[in-house]
Amino acid sequence: MRRPLDYVIVGAGMFGSVFARRAAEAGRNVLVIDRRSHIAGNCYSEPVSGIEVHRYGPHIFHTNSPRVWEFLSRFTEFNHYRHRGLVRYDQRLFSFPINLCTLHQLWGVKTPAEAQAKLDSVRQPHAAADNVRDWVVSQVGEELYDIFVRGYTTKQWGRDPAELPAAIVRRIPIRWTWNDFYFDDAFQGIPVGGYTRMFENLLDHDLIRVETDVDFFAYRKELAKVAALTVYTGKIDEYFDYRFGELEYRSLRFETKSLTGDFQGAAIVNYGAADVPYTRVVEHKHFALQTCEPTVITYEYPQKYTAGSEAYYPVRDERNAAIYERYRKLSDAAPVLFGGRLGTYQYYDMHQVAGQALAMADRLFEARSEVRRAA
Ligand code: FAD
């Protein structure tokens, strides 16, 4: 007979899978459920014509945490992919985040001093600068604002930057060097064989059972009885039946095509112009450093989030932060642990979610073994 369950984990994404593994390795018996038909959450990838396609948007792993890197490296080898950001605006391409390559492409400047002098001449200081548009223009001028911020932000968040509070853009990172890598992190790469294989390995343990196509809300009462504790990584407002109102999210629509050849010579090209309806085009084979003839590309279209669509990005403005805070207080008293991007309503990258899951596991399992050791 199977041992009784210690945990039901709702969501087989990064949080749920990392937590499940740590729990199993601490001797806990866990059931992981996911309402989707597959594991790996938004990191899910699957092969198309021999190319691993990131189904929920492009995922690049990067971290400065040796612990997170070493933990995940037990379940995958990472390749040496290093991301370089590219922004297409009208017929031109620019390096991003802004660095000397970008400013050379735009203005022909060749040294940090030339670049700084040119930037000083285009800044348009604004007395108030309390919205994103005015603030960015006051920092880098109209031309850089148009290329990198105006269209992209309008498409991504469905709002004109002039209507967004300046406080959401804490700083505009400008590198005064020719370093055009997107991330500075010490550890970076893409799982060899794909993200899904890494998750299969994470969840491959005698004390972990996984069931997909299972919605927590369809079995809520039954699940509460079968395990001592629930770990929940879905939407926190949905968990509490939206009693304080719905939190806002942004959604995405993906359009994927199979072609031959090399479409754009890079894994991701962002599109800055407002009249191009998509925000980026992903060419998946470049993540795996493949040079094969077939290619698969995905156009990414930001969308309004509506019931039934996927909630990708929390909209962390003042109103939503206040609503979330009410749910968070309620969650402190609930017999459930909340984690991950939707469970804590935070725009987290993968390494942050993995770190959050490891920290929660430390608190639960190491604290108890300390108690046991002391007793
Ligand atoms: P998820 O991956 O969303 O997993 C939660 C799971 O819970 C889902 O599978 C969902 O189906 C399931 N679930 C929800 N409700 C229920 C329910 N009621 N019953 C059963 N199951 C349920 N991070 C990076 O580090 N680098 C990147 O390049 C990067 N790019 C990204 C691009 C896009 C387009 C997006 C959207 C995110 C990106 N991220 C990136 C962030 C990354 O996807 C997240 O940090 C990470 O996947 C979050 O893991 P999670 O477990 O919190 O959530």
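Quick notes on this structure:
- Matching entry among T291, T279 (being open to solvent by 50 Å² or more (accessible area, probe 1.4 Å) and among the polar types (S, T, N, Q)): T291
- One residue alone among H104, H59 is open to solvent by 20 Å² or more (accessible area, probe 1.4 Å), of a type outside the set (F, W, Y) and assigned to a helix (DSSP H, G or I), and that residue is H104.
- Looking only at region 29-53, and only at residues there that are open to solvent by less than 20 Å² (accessible area, probe 1.4 Å) and more than 8 Å from the ligand (Cβ to nearest atom), the one that is farthest from E283 (Cα to Cα): N29
- Some residue of region 117-133 being assigned to a loop (DSSP other than H, G, I, E, B), at pLDDT 95 or above, of a type in the set (G, A, S) and open to solvent by 30 Å² or more (accessible area, probe 1.4 Å): no
- Residues within region 294-328 that are closer than 22 Å to G189 by Cα, over 18 Å from the mean Cα position of the chain (by Cα) and either buried (at least 20 other Cβ atoms within 10 Å of the Cβ) or within 13 Å of the ligand (Cβ to nearest atom) (or both), tallied: 2
- The number of residues in region 212-254 being over 20 Å from R55 (Cα atoms), touching a strand residue (DSSP E or B) at 6+ places or on another chain (Cβ under 6 Å) and surrounded by fewer than 16 Cβ atoms within 10 Å (Cβ to Cβ) comes to 2.
The values are calculated or read from the model by the stated rules, or taken from the named source; none is laboratory data. Nothing here was measured: the structure is a model prediction, and the numbers come from that model. With ideal geometry, Cβ positions are generated from the backbone for all residues, glycine too; neighbour counts draw on all protein chains shown. For accessibility, only protein heavy atoms count, side chains too; no ligands or nucleic acids. Shrake-Rupley method; radii C 1.70, N 1.55, O 1.52, S 1.80 Å.
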